[in-house]
Amino acid sequence: MDAHYPVSLVGELDPNLSRGLWLVKWFLAIPHYIVLAFLGIAFVVLWVVAFFAILFTGKYPRGIFDFNVGVLRWTWRVSYYSFGAFGTDRYPPFSLKVTDYPATFDVEYPEHLSKGLVLVKWWLLAIPHYIVVGILHGGRSGGLNFVLVIFAAVALLFTGRYPVSIFDLVIGVNRWAFRVAAYAALMRDEYPPFRLDP
């Protein structure tokens, strides 16, 4: 079976992370949270437009696709900088476009999408993934990802090093979540794999 999945998420760990900057990154990221709140509203509205476009034409309008991928890309950068990974001290760009930032996200544009799958994939077919992602990212404790990131941050504070094994797991957990987000956003028909690796 081909291991390639057409949704890619990458994070390059900054080797010179500050020991304590992670304590205030949530505050520094507030401007991004505000912008992403508005972009999230646009994302949902355009998701509805894309839903009907796919239903009637089998195509995801390219402009809407690029915008929505850009919103997910921006979200990943901010998450990577802050509580999603604490993987870099470099401030995220205010951009939907691909940049040289150490956290990247992309989805291959589909030439054709199933008109029938659009009716069920984002809710019914994705339920098993929603359960897993809920455990990995949600819950009262903040999910496994949050716990891992806090462990890594404490290790960074006391040792000056981000444990690479924790980092690899954090990236895998985020990769899984963003693959499911792209699938639920109707961007691909291929079912997301149940795995953390690329």
Subset of segment 101-114, residues more than 19 Å from Arg175 (Cα to Cα) and out of contact with any helix residue (DSSP H, G or I) (no Cβ under 6 Å at 6 or more places or on another chain), comes to Pro110, Glu111, His112, Ser114
* Return yes when Thr88 is over 16 Å from Ala181 (Cα atoms), surrounded by 20 or more Cβ atoms within 10 Å (Cβ to Cβ), among the hydroxyl-bearing types (Ser, Thr, Tyr) and over 15 Å from the mean Cα position of the chain (by Cα) and no when it is not. => yes
Of the candidates Phe167, Phe178, Phe94, the one satisfying the condition of being closer than 25 Å to Gly40 by Cβ, of a type outside the set (S, T, N, Q), surrounded by 18 or more Cβ atoms within 10 Å (Cβ to Cβ) and touching a residue at least 40 places away in the same chain (Cβ under 8 Å) is Phe178
The correct count of residues that are touching a strand residue (DSSP E or B) at 6+ places or on another chain (Cβ under 7 Å) and either in a loop (DSSP other than H, G, I, E, B) or closer than 11 Å to Phe86 by Cβ (or both) in segment 1-35 is 2
Over segment 35-48, the set of residues more than 10 Å from Asn68 (Cβ to Cβ) and hydrophobic (A, V, I, L, M, F, W, C) is Val35, Leu36, Ala37, Phe38, Ile41, Val45, Val48
Here the residues within segment 175-198 that are in a helix (DSSP H, G or I) and touching a strand residue (DSSP E or B) at 6+ places or on another chain (Cβ under 6 Å) are Arg175, Phe178, Arg179, Ala182
Residue pairs within 7 Å by beta carbon, gap of at least six or interchain, first lying in segment 98-119 and closer than 20 Å to Gly63 by Cβ and in contact (Cβ under 8 Å) with a residue 24 or more places away in the chain, second aromatic (Phe, Trp, Tyr) and surrounded by fewer than 17 Cβ atoms within 10 Å (Cβ to Cβ), listed first then second, are Val118/Phe51
Over segment 6-36, the set of residues more than 30 Å from Leu157 (Cβ to Cβ) and surrounded by fewer than 18 Cβ atoms within 10 Å (Cβ to Cβ) is Pro6, Ser8
Residue hits (segment 1-46; among the charged types (D, E, K, R) and out of contact with any Ser or Thr (no Cβ under 7 Å at 6 or more places or on another chain)) are Asp2, Glu12, Arg19
Taking first residues from segment 26-51 that are in contact (Cβ under 8 Å) with a residue 60 or more places away in the chain and second residues anywhere that are of a type in the set (Phe, Trp, Tyr) and surrounded by 12 or more Cβ atoms within 10 Å (Cβ to Cβ), the pairs with Cβ under 6 Å that are 6 or more apart or on different chains are Ala50/Tyr60
Scanning segment 122-143 residue by residue, the ones that are in contact with a Leu (Cβ under 8 Å, 6 or more places away or on another chain) and at pLDDT below 95 total 4
Report yes if some residue within segment 59-80 is farther than 24 Å from His137 by Cβ, of a type outside the set (Gly, Ala, Ser), surrounded by fewer than 19 Cβ atoms within 10 Å (Cβ to Cβ) and under 17 Å from the mean Cα position of the chain (by Cα); otherwise report no. yes
Counting only helices (runs of 4 or more DSSP H) entirely within segment 51-168, those with at least 2 residues that are more than 20 Å from Leu196 (Cβ to Cβ) and not small (Gly, Ala, Ser) are 62-81, 143-159
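The values are calculated or read from the model by the stated rules, or taken from the named source; none is laboratory data. All values derive from a computational prediction rather than experimental measurement. Neighbour counts run over all protein chains shown; Cβ positions are idealised from the backbone, glycine included.
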